[in-house]
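Worksheet: the structure to be examined is printed underneath.
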Amino acid sequence: MGPFALFGVWLIMFAETGLLVGFFLPGDSLLFLAGVASSEVAQEIVGTKIPLIGLLIGAPIFAIIGAQLGHFLGAKYGRRLFEQQNSRLFRKLFKPEYVDKAEYYFNKFGPAKAVVLARFIPIVRTVLNPVAGILEMPARQFLVWNIIGGILWTDGIILVGHFLAKQILESIGAENIDRYILPVVLLIVLISLTPIFIEVFKNLRQRKRLQAEDRTKANV
């Protein structure tokens with residue numbers, strides 16, 4: 001199962017950074033768990049082992065390729081890129097404010113720093129790549145900081161998971177792994193998805209408020 005898991009990590013890295021429909025994917029938690037799965041106690045914790053070298057080389061490469069694709073699409077299609085997504089999930093969860101937020105980081109920190117920092121911010125790390133293209137950041141300049149940010153983000157979180165795995169096992173206890181590992185994994189995933197849940201909740205509240213206002217106007 002290790003090779004399939006490794007390929008899955010690569011694929012998700014590419015999708016989250018290169019495809020707008022991948023903005024909701026839990027990249028941080030996936031990288032951490034992949035790091036745990038590459039450790040010496042991987043079999044005891046997750047039941048499989050992923051080659052660490054494959055993660056450290058492949059994850060940043062696929063993240064970098066994905067981000068570079070996002071920049072290319074933004075430069076080629078401009079803001080139309082955000083308007084032509086046909087995915088129902090994308091239309092339901094994606095908000096124009098995400099683009100504004102990405103532009104805010106781009107203008108506040110400058111192109112170079114924004115590209116690196118965006119890697120560590122869910123949703124922004126997906127949207128900022130095409131936004132950098134839209135704002136005409138040169139592809140070569142973007143590539144340099146894309147490589148730096150991609151390596152720091154992917155390999156950094158992978159190594160954290162890799163080196164903390166033994167401590168996790170010792171704190172939980174080998175005899176309790178089956179009882180606690182699933183809740184721990186779910187907690188990590190939920191934390192990673194928190195921004196999405198918040199936006200869904202905001203959308204529901206806004207929709208209810210607008211419906212209430214429409215009913216009030218209709219009754220006047």
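Taken together, the values in this text are just the output of simple stated rules run on the coordinates, not laboratory data. All figures in this text were calculated on a predicted structure; none of them were measured in a lab. Using ideal geometry, Cβ is built from the backbone for each residue, glycine included, and neighbour counts are taken over all protein chains shown.
Overview of values
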{"quantity": "In sequence order, calculated HN-Hα J values of region 150-158 (Karplus, 6.51, -1.76, 1.60; Hz; x Gly/Pro)", "calculated": "x, 5, 4, 5, 5, 5, x, 6, 4"}
{"quantity": "Order by protection proxy (mean Cβ within 10 Å, highest first), peptides 107-116, 124-133, 34-43", "calculated": "124-133, 34-43, 107-116"}
{"quantity": "Within region 12-36, backbone nitrogen closer than 20 Å to the virtual label 7 Å beyond the Cα of Leu164 toward Cβ", "calculated": "13, 25-36"}
{"quantity": "Integer Hz, Karplus 6.51/-1.76/1.60 couplings in order for region 113-123, x for Gly and Pro", "calculated": "5, 5, 4, 6, 5, 4, 4, 9, 10, x, 6"}
{"quantity": "Sites Leu11 and Ile121 - FRET efficiency at Förster radius 25 Å, r taken between beta-carbons, to 0.05", "calculated": "0.70"}
{"quantity": "Label-point gap, in nm, between Lys113 and Ala139 - each point 7 angstrom along Cα→Cβ", "calculated": "2.8 nm"}
